[in-house]
Amino acid sequence: MAGLKKNPETKHMTRSNKKNVLLLPGDGIGPEITHASRMVMDWFEKSGRTAIDYAEDLLGGASYEKHGKPITDATLGRAKEADAVLLACVGGPKWDKIPFEVRPERGLLAIRKGMGVFANLRPAVVFDVLAGASPLKPEIVQGLDVMIVRELLGGVYFGEPRGIETLPNGERRGINTQVYTTSEIHRVARVAFELARKRKKKLHSVEKANVMESGVLWREEVTKLGAEYPDVELHHMYADNCAMQLVRYPRQFDVIVADNLFGDILSDLAAMLPGSLGMLPSASLGAKDSMGRQAAFYEPIHGSAPDIAGKGIANPLAMILSYAMMLRYSFDQADSADLIETAVQNVLKAGVRTADIAEKGQSAVSTEAMGAAVVKELSRLGG
Ligand code: IPM
Ligand code: MG
């Protein structure tokens, strides 16, 4: 075939205008919720609203079982090539005893790092119909709509030096390093300012500048950047206070920006305000390249729930809503994303609940039945 030149026209056509999405069902409840989510994706394909080629690959424990590592170079390569990646979840007690470097979670951290997705968007939205499912009083959470922007590639998660060493006296010492540079702070803070600008124009920047130098730098640099966003009201808050305020009066927040570790913790806390981790999606975004392409990785906030894996009772809505985020942020299809979000709310209003969000007197439906209910509502709404 040497010497055969591809006609640029043909090249364009073979690549087509179809988007490529890499699906990673992962571990635990992952395959089940992926199946239910695909019902929704298929509906969008069949109705002609999307033109996406889906490929599936292994990540986490599933990859470890087959390849002896939680992610292979080939999978990372495919993730980087794709227009977007959608993960279900990884991990499980089955892999608790294997070496730290090959644990399922290492695969997740490696794919985030490899794709360069530094800004992790974690919305916590309380749908009115679910306010009763919150562990907090409905009047505290009603109408809540918070966006946590978590720095995803720096801080103590990746800082060097790290490790466990044995001292001459035989004592062991574990070391991790919290470290941030100005550019790492700026790029994530900019994402947060931009989001705030499109929302209620309020940003809380979170650190512990009272204890940590990296927090002092964080506060100074976010303040400097704030000069470019005079329309956004900027507040600084210590992370411990922020945890307290999220429970006491969560509606004071619009956008919160935090480092990797504080963002991890605060987003779990915020995720519980709507009542179930099973409802919340996330998007992790990288920088735009010169062609306007942006690495994007979508995943529910919840884990792999090994205790209920295989039972067909897990809530697929966080993954379905992660798919909606993908349509919104990667494919510029806000209408389709809105349609999914409305369909999900209507299904919940109609009393269709998986076990995690069922209230007294409501019988719980299966994972697949929840997927089917969303599809049925999409057809009713969207024709
Ligand atoms: C998350 C998870 C991960 C993290 C784990 C599974 C490595 O808790 O996405 O919040 O700490 O980032
Ligand atoms: Mg977490």
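The values are calculated or read from the model by the stated rules, or taken from the named source; none is laboratory data. Treat the numbers as computed from the prediction; the structure is a model and nothing was measured. Note that we place each Cβ from the backbone using ideal geometry, even for glycine, and neighbour counts take in every protein chain shown.
Numbers at a glance
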read-out	value
Lone unmet requirement of (1) modelled with pLDDT of 95 or more; (2) more than 21 Å from Arg328 (Cα to Cα) for Phe297	(2)
Residue match in region 309-317 (condition: within 16 Å of ligand 2 (Cβ to nearest atom) and on the phi < 0 side of the Ramachandran plot)	no
Selected residue [under 14 Å from Met370 (Cβ atoms), at pLDDT 95 or above and either over 18 Å from the mean Cα position of the chain (by Cα) or within 16 Å of ligand 1 (Cβ to nearest atom) (or both)] from Ile256, Ile265, Ile313, Ile320	Ile313
Test: residue in region 173-186 that is assigned to a loop (DSSP other than H, G, I, E, B) and in contact with a Lys or Arg (Cβ under 9 Å, 6 or more places away or on another chain)	yes
Within region 146-169, tally of residues that are in contact (Cβ under 8 Å) with a residue 24 or more places away in the chain, not basic (Lys, Arg) and not in a loop (DSSP other than H, G, I, E, B)	8
Test: residue in region 290-297 that is away from ligand 2 (no atom under 16 Å from the Cβ) and surrounded by 19 or more Cβ atoms within 10 Å (Cβ to Cβ)	yes
Residue ID - surrounded by the most Cβ atoms within 10 Å (Cβ to Cβ), chosen from residues in region 362-378 that are polar (S, T, N, Q) and touching a residue at least 40 places away in the same chain (Cβ under 8 Å)	Thr367
